[in-house]
Amino acid sequence: EAGVAQSPRYKIIEKRQSVAFWCNPISGHATLYWYQQILGQGPKLLIQFQNNGVVDDSQLPKDRFSAERLKGVDSTLKIQPAKLEDSAVYLCASSIGPGRAFFGPGTRLTVL
Amino acid sequence: GQQLNQSPQSMFIQEGEDVSMNCTSSSIFNTWLWYKQDPGEGPVLLIALYKAGELTSNGRLTAQFGITRKDSFLNISASIPSDVGIYFCAGAYGKLTFGQGTILTVHP
């Protein structure tokens with residue numbers, strides 16, 4: 001069974017630029033999560049989808065971050081414009097239902 | 001919001017020793033999960049717990065779901081060098097919330 005796929009693995013941008021990350025979850029997994037992990041910290045939930053509906057986005061900085069999950073499968077997370085403090089690893093995970101999530105390798109974002 | 005307090009923050013042990021770490025919360029959870037993260041990788045699921053009081057093992061790893069549903073612990077027996085990494089607890093009640101991690105170092 002293929003795992004969660006993410007791309008790109010690494011991205012370097014300058015502040016105020018835009019960036020997008022892509023995630024393909026495990027086939028059949030209805031729940032998809034985006035987490036932000038700053039160096040030395042635990043993953044922080046940005047947004048959780050159930051199929052293509054949003055379950056929780058209470059910690060998503062909506063003035064600059066957006067996410068969508070069209071057709072309840074793939075998802076994209078966008079940052080526009082990026083700030084220095086957005087430098088982090090962005091992790092995508094999926095699960096059949098809430099909990100027991102499987103993670104992708106992450107995208108390491110560096111904002112200069 | 002839900003917050004998890006994970007302890008200890010870091011551990012330095014000798015190969016062969018046993019390890020214990022725990023996670024507490026002011027909120028109840030329906031599911032407790034334990035993950036391990038290696039550098040440059042995403043967290044990997046080690047153990048999932050679904051019922052209060054449940055005790056589950058996976059090889060040298062044992063975890064328990066606390067009776068109050070507000071805590072969980074993970075034990076690693078007879079540690080080996082490849083156990084090095086960061087261990088995270090996570091609680092699920094609708095959304096999935098992570099602790100801050102325990103950094104484990106094993107000296108040969």
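Side notes on the structure shown:
- In Hz, Karplus ³J(HN,Hα) per residue of the range B:61-67 (6.51, -1.76, 1.60; θ = phi - 60°; x = Gly, Pro): 9, 9, 9, 9, 8, x, 4
- Counting every C-alpha pair in chain A, the share spaced more than 24 angstrom apart comes to 17%.
- Based on protein heavy atoms only, the range B:26-66 ends up with 44 Å² per residue of surface accessible to a 1.4 Å probe.
- Using equal-weight Cα scatterers in the Debye expression, the normalised intensity of chain B in log10 at q = 0.12, 0.19 Å⁻¹ is -0.36, -0.90.
- Burial here means at least 10 square angstrom less accessible surface with every protein chain in place than with the chain by itself, probed at 1.4 Å; in the range B:69-108 the buried residues are B:PHE88, B:ALA92, B:GLY94, B:LYS95, B:LEU96, B:PHE98, B:GLN100.
- Mean shadow area of the range A:62-112 over all directions, Cα convex hull, nm²: 4.4
- Taken about its Cα centre, the protein assembly as shown carries a charge dipole of roughly 640 debye when the Cβ of each Lys and Arg holds +1 and the Cβ of each Asp and Glu holds -1.
- Derived value for the protein assembly as shown: Kirkwood hydrodynamic radius 17.8 Å. Basis is the mean of 1/r over every pair of different alpha-carbon atoms.
- 5 angstrom amide H check on B:ASN30, placed H, neighbours 5+ away: B:ALA92, B:TYR93
- 3J(HN,Hα) from dihedral phi, the range A:41-48, Karplus parametrisation 6.51/-1.76/1.60, rounded to Hz, x for glycine, proline: 10, x, x, 10, 5, 9, 7, 10
- Both numbers refer to the Cα atoms of the range A:1-62; Rg and Dmax are 13.2, 39 Å.
- Selected from B:ASN30, B:ASN22, B:ASN58 as most flexible by GNM, with chain B as the system and alpha-carbon contacts under 10 Å: B:ASN58
The values are calculated or read from the model by the stated rules, or taken from the named source; none is laboratory data. On a predicted model such as this, the values are computed, not experimentally measured, just so you know. Every residue, glycine as well, gets a Cβ built from its backbone with ideal geometry; the counts of neighbours run over all protein chains shown. For the accessible areas, the whole protein counts, side chains as well, though only heavy atoms, and no ligand, DNA or RNA atoms are used. Shrake-Rupley method; radii C 1.70, N 1.55, O 1.52, S 1.80 Å.
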